[in-house]
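Bear in mind that the values in this text are calculations on the coordinates, not laboratory data. Here the structure is a predicted model, which is why all the values come from computation and not from measurement. Using ideal geometry, Cβ is built from the backbone for each residue, glycine included, and neighbour counts are taken over all protein chains shown.
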Amino acid sequence: MHDNMAISDRQQALMEVTLRIIGRLGVDGVTHRAVAAEAGLSLGAITHHFSSRDSLVEAALHYALARETGRLRALSLSLQDHVMDIDAWIGALAAWYARELKTDAEVHIACYEAFLAAARSPRYRDIIQQWFFIWQRSAELALKAAGSTRPQQHAELFVSALIGLVLQQLAAPRRNFRRDAVALLTGLVDGLLGRR
């Protein structure tokens, strides 16, 4: 279940429903009955694909992270046009997250649940490491182009700040998230690079 292309349409739909439940109620809110009710399927249809609740949750979290990793790769490629202009890169990044958090907040919450699951169990760690690697590599390229003398370290700080901002927005939404994120991330980069 690590590869989104290897699952059926029905399984993908079950993953989406499970993620919405995780986003609303947390991992403990997932039951076969809850997924069946939200998906409009019989209980037997759910247990046919996932014999245990743990296998359902694990599959959904892997699906979420694999999906987000793919989306982050695509975003990273789209941001390459802005990589030489760090301010444009930060602006595009903040705009992307502002849209994402309005339209797909539950999936992002589920991804944070996957981070916690990885803290408890090694089976989630590989995909979490891929997620971080993609973000850090993208940030490293942008920061190097902007003149960072320590792009790897600066990228780690940048990604940590971004993850924190997204988590904060999910937990305590700001009305002007995009504007605030641009200001905070630009301030961080200015400090790291000694700009202005």
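Provide F133, F177 in ascending order of the number of other Cβ atoms located within 10 Å of each residue's Cβ, fewest first. Mind dumping the intermediate values first?
On the way: F133 13, F177 18.
Lowest count first: F133, F177.
Quick check: the angle from helix 151-171's long axis to the longest principal axis of the chain, C-alpha only, nearest 10 degrees? Result, in degrees: 50. Extending 7 Å from the Cα toward the beta-carbon at both M84 and A37 defines two label points whose distance is 5.7 nm.
Rounded to the nearest 20, the Cβ-based charge dipole of the chain about its Cα centre (Lys and Arg +1, Asp and Glu -1) stands at 320 debye. Note on the chain: dipole from Cβ charges, positive end direction compared against A183, G40, A59; the farthest Cα belongs to A183.
Could you state the angle between the C-alpha long axis of helix 86-103 and the longest principal axis of the C-alpha atoms of the chain, as a value from 0 to 90 degrees rounded to the nearest 10? Value to nearest ten degrees: 20.
Taking the helices alone, the chain has a mean residue ellipticity at 222 nm of -26000 deg cm²/dmol, built from -39,500 (n - 2.57) per DSSP H run of at least 4 residues and averaged over all its residues. Here region 16-71 is described by how far its Cα atoms reach on the three principal axes: 32, 21, 19 Å, from widest to narrowest. Computed from Cα atoms alone, the Kirkwood hydrodynamic radius reported for region 37-142 is 15.6 Å. Shape analysis of region 88-162 places it in the oblate category; the axes a ≥ b ≥ c from the Cα gyration tensor give an a/c of at least 1.5, with a/b not above b/c. Among residues other than A34 with Cβ under 12 Å from its Cβ, the summed charge is +2 (Lys and Arg +1, Asp and Glu -1).
Footprinting exposure proxy ranking of M84, M15, fewest other C-beta atoms within 10 angstrom first, gives M84, M15. To the nearest ten degrees, helix 53-79 and the longest principal axis of the Cα atoms of the chain are 30 degrees apart. Placing pseudo-labels 7 Å out from each Cα toward the beta carbon at L167 and K102 gives an inter-label distance of 2.6 nm.
Please list the equivalent ellipsoid semi-axes of region 4-193, computed as the square roots of five times the alpha-carbon gyration tensor eigenvalues, in descending order and whole angstrom. Walk me through the numbers before you get to the answer.
On the way: eigenvalues 234, 53, 39 Å².
Semi-axes, largest first: 34, 16, 14 Å.
For region 125-165, a Kirkwood hydrodynamic radius built from all Cα pairs, placed in the Stokes-Einstein relation at 10 °C and 1.306 mPa s, yields a translational diffusion coefficient of 156 µm²/s.
Placing unit charges on the Cβ atoms of the charged side chains and taking the dipole of the chain about its Cα centre, the candidate lying farthest along the positive direction among T103, I134, L77 is T103.
Which order results if W131, W89, W96 are arranged by neighbouring Cβ count within 10 Å, fewest first?
Arranged by neighbour count, lowest to highest, W131, W89, W96 become W96, W131, W89.
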